[in-house]
1. Quick one: in segment 115-130, which of the residues that are open to solvent by 70 Å² or more (accessible area, probe 1.4 Å) and modelled with pLDDT under 75 is farthest from the chain's Cα centre (by Cα)?
2. Taking the criterion of being surrounded by fewer than 18 Cβ atoms within 10 Å (Cβ to Cβ), among the hydroxyl-bearing types (Ser, Thr, Tyr) and part of a strand (DSSP E or B), would at least one residue in segment 10-24 satisfy it?
3. Starting from residues that are within 21 Å of residue 29 (Cβ to Cβ), open to solvent by 30 Å² or more (accessible area, probe 1.4 Å) and under 14 Å from the mean Cα position of the chain (by Cα), keep the ones in segment 54-91 and report whichever is modelled with the lowest pLDDT.
Amino acid sequence: MFGAVMGYDPESHAVVLVSPVIGDNSHTATFRWSGSRWDPIVTSGPPVEEIAIDPLVHGLVACGPTTYSTAFAVQASCWQWTGTNWFPEQESVPSSPTRSVTIEAAVDDIDRAELLLIGWLVPPIPNEAQPLYVWAWDGVTWMLLA
């Protein structure tokens with residue numbers, strides 16, 4: 001499953017797999033591991049690129065396509081996993097002008113109780129240094145940390 005992401009759901013104590021629907025990258029399917037098979041939970045979910053535990057809500061949060069403004073303000077469509085469906089957490093309302101952000105990882109920082117996005121602002125250039133950026137989710141907005 002190319003483009004799929006997985007995370008541990010602390011509520012159901014199970015691994016959740018989110019995979020793009022074949023032929024339609026604007027939707028995903030969500031599965032839960034039963035211990036012996038993948039059980040489908042949601043067959044038409046939101047587009048997701050990263051998934052991690054959000055320490056603020058002690059649950060899974062998935063984020064989709066991401067953009068940034070000239071002030072490095074990240075706008076990402078994010079959804080919280082309810083155990084049976086995805087609930088929108090923040091709508092993507094990018095300010096102008098915007099460009100695509102390549103998010104390489106979404107991770108949870110348990111010690112600081114933050115969800116972090118790590119990525120870069122432009123496509124990588126072969127054999128050249130590429131600055132990485134880190135944004136933290138405070139429950140309302142993304143803040144540039146580094």
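1. Among residues in segment 115-130 that are open to solvent by 70 Å² or more (accessible area, probe 1.4 Å) and modelled with pLDDT under 75, the one farthest from the chain's Cα centre (by Cα) is 126.
2. No, segment 10-24 contains no residue that is surrounded by fewer than 18 Cβ atoms within 10 Å (Cβ to Cβ), among the hydroxyl-bearing types (Ser, Thr, Tyr) and part of a strand (DSSP E or B).
3. Among residues in segment 54-91 that are within 21 Å of residue 29 (Cβ to Cβ), open to solvent by 30 Å² or more (accessible area, probe 1.4 Å) and under 14 Å from the mean Cα position of the chain (by Cα), the one modelled with the lowest pLDDT is 65.
The values are calculated or read from the model by the stated rules, or taken from the named source; none is laboratory data. On a predicted model such as this, the values are computed, not experimentally measured, just so you know. Please note: Cβ atoms are built from the backbone with ideal geometry, for glycine as well, and neighbour counts cover all protein chains shown. Please note that ligands, DNA and RNA were not included when accessible areas were found on the heavy atoms of the full protein model with its side chains. Shrake-Rupley method; radii C 1.70, N 1.55, O 1.52, S 1.80 Å.
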